[in-house]
Amino acid sequence: MAGNRDMAPGRIEFRADDPSLTRYAGLAISGEVCRTLRLTERIDAELAAVVGVAPVKLRRRGLSAGQYTVAISECQLAGAECFDDLQDVRSDHAGAALRAVARTPSAPAARQLACRFTPSHIRAIERAVARAGNELDRRLGRDPGADVTFDLDATETKVFGRKKRGTGCSRLGHLAYNTYAVTWAQRGRALTSKLKAGNQARIKACESLQMVRRAKRLLPAGHGKITGRFDSGFYAVELMAGCRSEQIRFTMSATRTSVMWSKLSAIPEDAWVDAIDMDGAQVAELAFTPEGWCDEPLRLIVRRVPVTAEDIQKTSPRARRRKTIPAEQLAMVLGGELDSTYAYSFIVTDIPQAEMSTAEVEHFHRQRAQIEERFKDLKLGQPLRHLPSGDLNANRLWLCCCLLALNLSAFICDLSPAAGASGEAEQDTPLRRHAKTLRRILFCVPGRIVRTARRIIVRLPDGFPHFELFDATYQAALALPGP
């Protein structure tokens with residue numbers, strides 16, 4: 001023990017007096033991307049064009065509404081989980097010049113101003129962000145006429161304390177919000193969102209269609225064919241008909257009704273073929289006309305996956321897996337009459353068979369799970385796991401800024417392959433590192449700022465293991481081709 005004390009450094013004196021040290025050197029990367037794409041100017045221009053509602057700000061003093069929005073998103077990139085956390089970035093005077101918005105708003109001002117953002121203002125911000133993304137795609141030489149895939153889904157955010165305006169009691173019995181979002185699968189970016197109460201786990205078909213139409217308007221001119229992917233919570237003939245009127249193809253998980261179970265008996269055993277990249281799973285299809293559908297018959301894709309009696313018996317009586325098994329088969333398995341059976345899933349689509357085979361449609365629809373990756377990033381990387389205000393408008397803005405932070409991360413990964421995840425991406429699945437990883441290796445890296453000979457040098461810690469990735473990402477943002 002004495003030897004260990006001899007090796008100790010002795011009494012340590014700490015000081016917070018280095019004016020050239022920043023905790024967020026990597027915000028220079030996001031700052032460069034925002035400046036190059038003129039993001040704050042685009043948001044301000046879109047907000048100025050909003051009519052019928054009071055403007056967010058009347059005075060010209062201080063930050064503009066666009067700067068305010070981007071500043072919050074920059075703080076979220078750095079790890080802010082509530083309005084009070086903005087003070088951490090605000091106190092970083094050394095790194096102010098590196099950020100897209102040097103003057104981060106104070107927490108009280110941020111709360112007060114957030115309440116003034118109406119849904120019309122949120123839509124304007126979405127338009128500005130989408131146009132910035134389209135501009136980035138153009139500068140990177142991407143084909144604007146490529147096909148587009150929309151994924152629509154929802155995620156729940158639990159709230160604590162007093163009841164906040166707009167919340168509702170979820171099926172699990174706690175107060176929550178539901179966030180609905182449409183993402184562009186090929187870009188890994190969010191296009192539009194909607195904040196609903198926790199007791200609205202299913203929204204009306206007209207609301208789903210409204211979101212899809214809004215997302216379509218945010219695409220670049222001359223885009224290719226659009227396909228929407230929806231889970232069973234959105235299954236509705238009205239949504240199918242609305243997609244058809246918008247010339248949007250669809251694949252939609254169908255609810256397991258008695259009609260769907262009756263269709264199984266019409267599938268001959270020799271019609272089943274192996275699914276793509278899913279061991280043991282098989283798929284088959286037959287024609288299907290939902291009640292109320294007035295056009296040509298649709299394709300009903302059925303997937304079956306073998307499950308053992310042991311696996312089923314381990315699950316809860318309320319487990320989702322049990323709902324995927326026909327009732328009579330489940331009873332026989334639980335009664336010990338069968339050792340195994342099949343779990344079934346149903347997909348309805350209007351994609352022509354000449355374009356995609358049965359197995360290809362099922363595989364394509366299964367890839368909609370990547371929106372779950374975006375939600376996971378929003379809740380574990382960006383601060384969507386918490387909506388910090390008691391005001392509904394402020395929470396809508398917080399959600400909008402979360403999605404902007406997610407899209408900024410996507411922009412950076414698109415600019416620099418070094419920032420993207422290692423490995424090879426599947427079709428229509430862009431390479432993305434998780435937000436927490438990007439924060440650790442890019443955004444929240446300490447650096448000392450040195451100004452000499454009209455240059456700014458940021459000195460990162462000696463031995464920083466991700467320096468090459470960091471520098472390559474910044475250089476890629478700096479070298480982004482001009483308009």
So which residues in the stretch 329-362 are closer than 20 Å to residue 271 by Cβ, assigned to a helix (DSSP H, G or I) and either among the hydrophobic types (A, V, I, L, M, F, W, C) or touching a strand residue (DSSP E or B) at 6+ places or on another chain (Cβ under 9 Å) (or both), if there are any at all? 329, 358, 359, 361, 362
From 438, 478, residue being closer than 18 Å to residue 132 by Cβ, surrounded by 13 or more Cβ atoms within 10 Å (Cβ to Cβ) and at pLDDT 90 or above: 478
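At least 3 residues that are basic (Lys, Arg), over 16 Å from the mean Cα position of the chain (by Cα) and at negative phi in each: list the strands (runs of 3 or more DSSP E) lying fully within the stretch 175-274 that qualify.
none
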Considering only the stretch 301-328, how many residues are touching a strand residue (DSSP E or B) at 6+ places or on another chain (Cβ under 7 Å) and of a type in the set (Ser, Thr, Tyr)? 2
Can you find a residue that is in contact with a His (Cβ under 8 Å, 6 or more places away or on another chain) and either crowded, with 19+ Cβ neighbours inside 10 Å or among the basic types (Lys, Arg) (or both) anywhere in the stretch 167-180? no
All-but-one check, residue 415 against (1) more than 21 Å from residue 123 (Cα to Cα); (2) of a type outside the set (Ser, Thr, Tyr); (3) surrounded by fewer than 24 Cβ atoms within 10 Å (Cβ to Cβ), failing number (3)
Looking at 116, 131, which one is of a type in the set (Lys, Arg), within 28 Å of residue 51 (Cα to Cα) and outside any loop (DSSP other than H, G, I, E, B)? 131
Scan the stretch 223-240 and give yes if some residue there is surrounded by fewer than 18 Cβ atoms within 10 Å (Cβ to Cβ), modelled with pLDDT of 95 or more and more than 17 Å from residue 185 (Cα to Cα), otherwise no. yes
Just to check your reading of the model, which residue among 368, 321 is touching a residue at least 12 places away in the same chain (Cβ under 8 Å) and surrounded by fewer than 17 Cβ atoms within 10 Å (Cβ to Cβ)? 321
Residue within the stretch 296-314 that is in a loop (DSSP other than H, G, I, E, B) and within 30 Å of residue 247 (Cα to Cα) present: yes
Any residue in the stretch 289-298 that is more than 25 Å from residue 149 (Cβ to Cβ) and of a type in the set (A, V, I, L, M, F, W, C)? yes
Tell me whether the stretch 14-21 contains one or more residues that are closer than 30 Å to residue 440 by Cβ, buried (at least 16 other Cβ atoms within 10 Å of the Cβ), under 22 Å from the mean Cα position of the chain (by Cα) and not aromatic (Phe, Trp, Tyr). no
As an exercise: evaluate residue 335 against (1) surrounded by 15 or more Cβ atoms within 10 Å (Cβ to Cβ); (2) farther than 24 Å from residue 153 by Cβ and give the number of the one condition it does not meet. (1)
Residue 250 fails exactly one of (1) in contact with a Cys (Cβ under 6 Å, 6 or more places away or on another chain); (2) exposed (fewer than 14 other Cβ atoms within 10 Å of the Cβ), namely (2)
Does the stretch 379-399 contain any residue that is free of Cβ contacts under 8 Å to residues at least 60 places away in the same chain, crowded, with 23+ Cβ neighbours inside 10 Å and either more than 30 Å from residue 272 (Cβ to Cβ) or in contact with a Gly (Cβ under 7 Å, 6 or more places away or on another chain) (or both)? yes
Selection from the stretch 339-374 of residues more than 27 Å from the chain's Cα centre (by Cα) and among the aromatic types (Phe, Trp, Tyr) yields 342, 344
Out of 110, 97, 130, 124, report the one residue that is small (Gly, Ala, Ser), more than 24 Å from the chain's Cα centre (by Cα) and under 26 Å from residue 78 (Cβ atoms). 97
Restricting to the stretch 154-182, what's the tally of residues that are within 21 Å of residue 413 (Cβ to Cβ) and touching a Phe, Trp or Tyr at 6+ places or on another chain (Cβ under 7 Å)? 1
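The values are calculated or read from the model by the stated rules, or taken from the named source; none is laboratory data. What you see is a predicted model; the values in this text were computed from it and never measured. All Cβ positions, glycine included, derive from the backbone under ideal geometry; neighbour counts span all protein chains shown.
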